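The values are calculated or read from the model by the stated rules, or taken from the named source; none is laboratory data. Bear in mind the structure is a predicted one, so any value in this text is a computation, not a measurement. Don't worry about glycine lacking a Cβ; one is built from the backbone with ideal geometry, like all the others, and counts go over all protein chains shown.
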Amino acid sequence: MSREKGQAGALSVQKGVVQPPSINPDMADRLRRNRKKQLTADDYADGILRGNRTILSQAITLIESSLPEHYDLAQAVVERCLPASSRSVRLGITGVPGAGKSTFIDTFGTMLTRHYGRRLAVLAIDPSSQQSKGSIMGDKTRMEQLSLDPDAFIRPSPAAGTLGGVARKTRETIILCEAAGFDTIIVETVGVGQSETAAHSMVDFFLVLMLAGAGDELQGIKRGIMEMADTIIITKADGNNRQKAEMARVEYKNALHLFPPALSKWSPRVMTCSSVEKTGINDVWETVRDYVSLTKGNGWFWERRREQAVTRMHETIIDTLKFSFYNHPEVMALLPELEKQLREGEVTSYKPALMLLDKYFSSNCR
């Protein structure tokens, strides 16, 4: 039966209460105004020297940026912070997959801040996603104690394809963290490999974490890494694994005797520890202190720092040339067509590479 005109139906919609906006308009307006303000190099440097972690994080992001407009500003920030750097102990930590690097750093770092009064910055270099180029491991989420520690600063950074998992801008990040007042810097790399020499070249003390009972102990790590190690630590030395860890320690200790003496005059040590039971952790820091005392006494510590400065210069030259090359207008215009020809098999890689280099150098030498 049809409803008469004007007759109300069984269901009717009542007017509801008007909901407030999900975002405070005043706060949104304030955020928009703040975003418009571009910090200068002096603004960044002043904030970093005051220990402002928000500005420190923004400056690190600036350094890691690949945008052309950020490059000069990032370098200016680093230059302003350089005089306040070199006041820390820099530790490199690497190890085989599953050795518990993040758990070790969480326990070790918490001990440093709580019992030794150290201010710690952890630069955890994650493998990069091939699609987003961002970090995929999220080490910060696996350092539960340190992430809440007011004296610790954790910065996961994407490796961005750099050999050995060491981010391209880690050296500059170390300078900023030192300028911000952190007296202990830990660089955690992705894993063991010959290219970990990149990490070794930017730290004072190099720790290698190993697992016991994971097969032939001496085949589990490359000779080059063992030669670089200032200390080898057998992790997870707890429960039923204690005996295996001790056996592995003896094997590594015997193997290290076969290597020639280090230029630093330091005799590498092999130790065991348990991050869960917190055993052997304090011994690791005492070993670092022994190393720093010895190498500062014989001059090796500062000689190594000077060599690192030279290495940083060469890396800056290579980085700057690469940046300039790929952002050159004529190279950018020609590159897509040459890449297309390569994918279609029309040319070999050698010829277009020389064409691009010739285009770059001929235009810059006019």
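Per-structure values
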| quantity | calculated |
| --- | --- |
| Cross-chain or 6+ apart pairs with Cβ under 7 Å, the stretch 197-213 first and part of a helix (DSSP H, G or I), then crowded, with 22+ Cβ neighbours inside 10 Å and β-branched (Val, Ile, Thr) | Ala198/Val166; Ala199/Thr94; Ala199/Val166; Ala199/Val187; Ala199/Thr189 |
| Tally, over the stretch 291-331, of residues that are touching a residue at least 12 places away in the same chain (Cβ under 8 Å) and among the hydrophobic types (A, V, I, L, M, F, W, C) | 7 |
| Residue that is surrounded by 12 or more Cβ atoms within 10 Å (Cβ to Cβ) and among the hydrophobic types (A, V, I, L, M, F, W, C), where the choices are Val347, Val310 | Val347 |
| Exclusive hit being over 21 Å from the mean Cα position of the chain (by Cα), outside any helix (DSSP H, G or I) and at pLDDT 65 or above, set Gln38, Gln19 | Gln38 |
| Search result, residues across the stretch 62-98 that are at negative phi and among the hydroxyl-bearing types (Ser, Thr, Tyr) | Ser65, Ser66, Tyr71, Ser85, Ser88, Thr94 |
| Condition broken by Arg118, with the remaining ones in (1) at pLDDT 90 or above; (2) touching a strand residue (DSSP E or B) at 6+ places or on another chain (Cβ under 7 Å); (3) not in a loop (DSSP other than H, G, I, E, B) satisfied | (3) |
| Evaluation of Pro150 against (1) out of contact with any Ser or Thr (no Cβ under 9 Å at 6 or more places or on another chain); (2) at pLDDT 80 or above (one fails), failing number | (1) |
| Residue among Leu258, Leu294 that alone is of a type outside the set (Phe, Trp, Tyr), touching a Phe, Trp or Tyr at 6+ places or on another chain (Cβ under 9 Å) and in the same structural domain as Thr103 (by TED's automatic domain parsing) | Leu294 |
| Unmet criterion (only one of (1) at pLDDT below 85; (2) part of a strand (DSSP E or B)) for Val190 | (2) |
| Helices (runs of 4 or more DSSP H) wholly inside the stretch 216-308 that include at least 2 residues being aromatic (Phe, Trp, Tyr) | 281-298 |
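Okay, residues lined up against (1) at pLDDT 90 or above; (2) out of contact with any Lys or Arg (no Cβ under 9 Å at 6 or more places or on another chain); (3) surrounded by fewer than 16 Cβ atoms within 10 Å (Cβ to Cβ); (4) in a helix (DSSP H, G or I):
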{"position": "Tyr71", "(1), (2), (3), (4)": "no, yes, no, yes"}
{"position": "Ala74", "(1), (2), (3), (4)": "yes, no, no, yes"}
{"position": "Val77", "(1), (2), (3), (4)": "yes, yes, no, yes"}
{"position": "Cys81", "(1), (2), (3), (4)": "yes, yes, no, yes"}
{"position": "Ser86", "(1), (2), (3), (4)": "no, no, yes, no"}
{"position": "Ile93", "(1), (2), (3), (4)": "yes, no, no, no"}
{"position": "Ala99", "(1), (2), (3), (4)": "no, no, no, no"}
{"position": "Phe104", "(1), (2), (3), (4)": "yes, yes, no, yes"}
